[in-house]
Amino acid sequence: MAAQITHFGTTGDGRQVQAIRIAGGALAATVLTHGARLQSLYLDGVAHSLTLGFRGLAPYDGDFAHFGAIIAPLVNRIGGAQAMIEGEFYRFPTNDGPNTLHSGKAGSHHAIWEFVDHGAARVTLSLLQPAGEGGFPGNRRIVAAYWLAGDTLHLDITAQTDAPTLMNIAHHGYWNMDGSPTWAGHTLTVDAAHFLPTTDANLPTGEIAALDRRPRDFREPRQVAPGEIPKLDHNFCLADARRPLTPVLHLAGSSGPRMWLATTEPGIQIFDAATIDPGDTATVHGRPYGTYAGLAFEPQFWPDAPNHPAFPSIVLQPGSAWYQNTTFSFTKA
């Protein structure tokens, strides 16, 4: 049996976007070819989507292109929009003050991905990013596979290049287990003993700081609410290198649904959505989203790594296979 494929919309520059609905086990999901994004995810017995998404294409084609998308080649920020790669200096377009955020307009969240394969419970999408696009060297092929089994959404991402380049890919989903206006009342657990403090421009300072007894220490389950914890737009340091698939995060709603996230990546960016406000744009929840509507979890390597030699390297060499495995598992209670 194949996935259900429907027309989702047309971008402002005339590109056609499709929606692919897959279902397996206790889950059903819709993935868009625009940004290879997860638009919605439903768990049997829970009426609302557990991830945030929009009903129409306009916000994805505009200011909210990162919502639910796979961002490549470089998620997060590059300080000064510049980096050294194998001894050569590269500059990138700025889109976040003097810095580059989410690869700028060259990011994969703005692209229309191609079908590779699909079935009732799986879909695989592919994207070619040509050398020089966004200032990044190398022709890069990225493949993303979403598949459902039991109560788990699997996301497998691979990448290859024909020249040394930077590669740090992440899924940028927003999660709210209760389907409520904000994530207030959720309980968060993160298996990280260190995090990266940031500047006023949200760039890492270079310090790898211990979380012991700090307000952002979530190693023990903590109920959270906006205003009760400091601003969250930080990388939590899970390891100093990629490792086998490892459980790292648990999010429990006050009404019952729970999510367990496991990843191979050495970091996870957590963003509190304090600046998210798409107005009255139609959403999969049937009501507008406001600030703090969901918590964003972005499994990735540490941000701005080329400008911090102590951080794990994100240089991808020709002939090397880049991969990421992340799983999202759910229960109703």
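The values are calculated or read from the model by the stated rules, or taken from the named source; none is laboratory data. Given the structure is predicted, the values throughout are model-derived calculations rather than measurements. Note that each Cβ is placed from the backbone with ideal geometry, even for glycine, and that neighbours are counted across all protein chains shown.
The table that follows gives values for the structure above.
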| item | result |
| --- | --- |
| Residue within the range 112-119 that is closer than 27 Å to TRP302 by Cβ and either among the hydrophobic types (A, V, I, L, M, F, W, C) or part of a loop (DSSP other than H, G, I, E, B) (or both) present | yes |
| Check on PRO266, surrounded by 14 or more Cβ atoms within 10 Å (Cβ to Cβ), over 26 Å from ASP217 (Cβ atoms) and touching a Phe, Trp or Tyr at 6+ places or on another chain (Cβ under 8 Å) | no |
| The range 74-89 - residue that is of a type outside the set (Val, Ile, Thr), touching a Phe, Trp or Tyr at 6+ places or on another chain (Cβ under 9 Å) and crowded, with 17+ Cβ neighbours inside 10 Å and, of those, nearest to ILE157 (Cα to Cα) | LEU74 |
| Candidates HIS194, HIS172 - the one that is closer than 26 Å to TYR292 by Cβ and buried (at least 24 other Cβ atoms within 10 Å of the Cβ) | HIS172 |
| Total residues in the range 285-302, condition buried (at least 18 other Cβ atoms within 10 Å of the Cβ) and within 22 Å of SER254 (Cα to Cα) | 8 |
| Pick from the range 237-275, criterion assigned to a loop (DSSP other than H, G, I, E, B), closer than 17 Å to LEU50 by Cβ and not polar (S, T, N, Q), ranking: nearest to the chain's Cα centre (by Cα) | ALA273 |
| Of all residues making up the range 92-106, the number that are part of a strand (DSSP E or B), under 21 Å from LEU128 (Cα atoms) and either touching a Gly at 6+ places or on another chain (Cβ under 8 Å) or not hydrophobic (A, V, I, L, M, F, W, C) (or both) | 1 |
| Subset of the range 70-123 (residues that are of a type in the set (Val, Ile, Thr) and under 20 Å from the mean Cα position of the chain (by Cα)) | ILE70, ILE71, VAL75, ILE78, THR100, ILE112, VAL123 |
| Selection status of ILE20, within 20 Å of the chain's Cα centre (by Cα) and either over 25 Å from LEU295 (Cα atoms) or not in a loop (DSSP other than H, G, I, E, B) (or both) | yes |
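Residues are listed down the side, and each one gets a yes or a no for (1) farther than 21 Å from SER180 by Cβ; (2) out of contact with any strand residue (DSSP E or B) (no Cβ under 6 Å at 6 or more places or on another chain):
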residue	(1), (2)
ILE208	yes, no
ARG214	yes, yes
ASP217	yes, yes
GLN223	no, no
PRO226	no, yes
LEU232	no, no
ASN235	yes, no
LEU245	yes, no
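Conditions tested, residue by residue: (1) at pLDDT 95 or above; (2) among the aliphatic types (A, V, I, L, M); (3) under 30 Å from ALA252 (Cβ atoms).
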site: ALA2; (1), (2), (3): no, yes, no
site: ALA26; (1), (2), (3): yes, yes, yes
site: TYR60; (1), (2), (3): yes, no, yes
site: ILE70; (1), (2), (3): yes, yes, yes
